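Participant: Next up is a structure, given as structure tokens.
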């Protein structure tokens, strides 16, 4: 019985520490978000994608994007949403703050680098970000800031830059297959690369097309690779 009491106290202490940590993260994120967000004047609500392109992107990257509050556990969602991916980039990879906010920022970056697979701080930051940035603005930032690999000696940031570099076309002029190719790359742009990883990219594009057509479905929450779709004919 004594052993169980000690264990209970330890678990209670751990739970309390985690709760306090997340509360502090929420307060810091709420106070810092306006300083870390890109200039709102450069992120207009004008869509960067056509309606068809938006449908394709969200089906693969974040099926319930317009419905959730920053986090989601739908089938095929995986560990990140578009919002939590942005939160990571804005809060943990953006420009450095000064003073007390900067000290907390450095601390959270260290925690994330150490424990990114289990840290819930980014999830709290996603909730804060979602409350401070419209969904359309979030989507525009995701489209314009996603890393898309290297090509012709340049590191590509955003789908528009990738379209110009890989297909020599404006983003809005891409065919559905060409746009699906870019979406397929987002997961790991150096692995699913048009020249360095052409075979695996071709397979992933084929699998995504089956997801989009309804010929195959994600096999659970963590399934973002759709590898089982390759067996569906």
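The values are calculated or read from the model by the stated rules, or taken from the named source; none is laboratory data. Source: prediction; values computed, not measured. Glycine also receives a Cβ, built like all others from the backbone with ideal geometry; neighbour counts cover every protein chain displayed.
Participant: Which one of these is touching a strand residue (DSSP E or B) at 6+ places or on another chain (Cβ under 6 Å) and either farther than 15 Å from residue 56 by Cβ or crowded, with 17+ Cβ neighbours inside 10 Å (or both): 162, 184?
Facilitator: 162
Participant: Within segment 32-53, work out how many residues are surrounded by fewer than 14 Cβ atoms within 10 Å (Cβ to Cβ) and modelled with pLDDT of 80 or more.
Facilitator: Initially, segment 32-53 is screened for residues surrounded by fewer than 14 Cβ atoms within 10 Å (Cβ to Cβ), giving 34-35, 39-42, 44-46, 51-52.
Now restrict to residues that are modelled with pLDDT of 80 or more: 34-35, 51-52.
Selection size over segment 32-53: 4.
Participant: Hey, could you check segment 66-81 for residues that are under 19 Å from residue 30 (Cα atoms) and under 13 Å from the mean Cα position of the chain (by Cα) and say which is surrounded by the fewest Cβ atoms within 10 Å (Cβ to Cβ)?
Facilitator: 71
Participant: Please return the ranges of helices (runs of 4 or more DSSP H) entirely within segment 92-201 where 1 or more residues are more than 24 Å from residue 70 (Cβ to Cβ). Please lay out each step first, then the result.
Facilitator: Working: elements: 99-115, 121-132, 135-145, 159-162, 176-186.
Per the criteria, 99-115, 159-162, 176-186.
Participant: Can you name the residue in segment 208-226 that is over 20 Å from the mean Cα position of the chain (by Cα) and in a helix (DSSP H, G or I) and is also surrounded by the fewest Cβ atoms within 10 Å (Cβ to Cβ) among such residues?
Facilitator: So the residue we want is 213.
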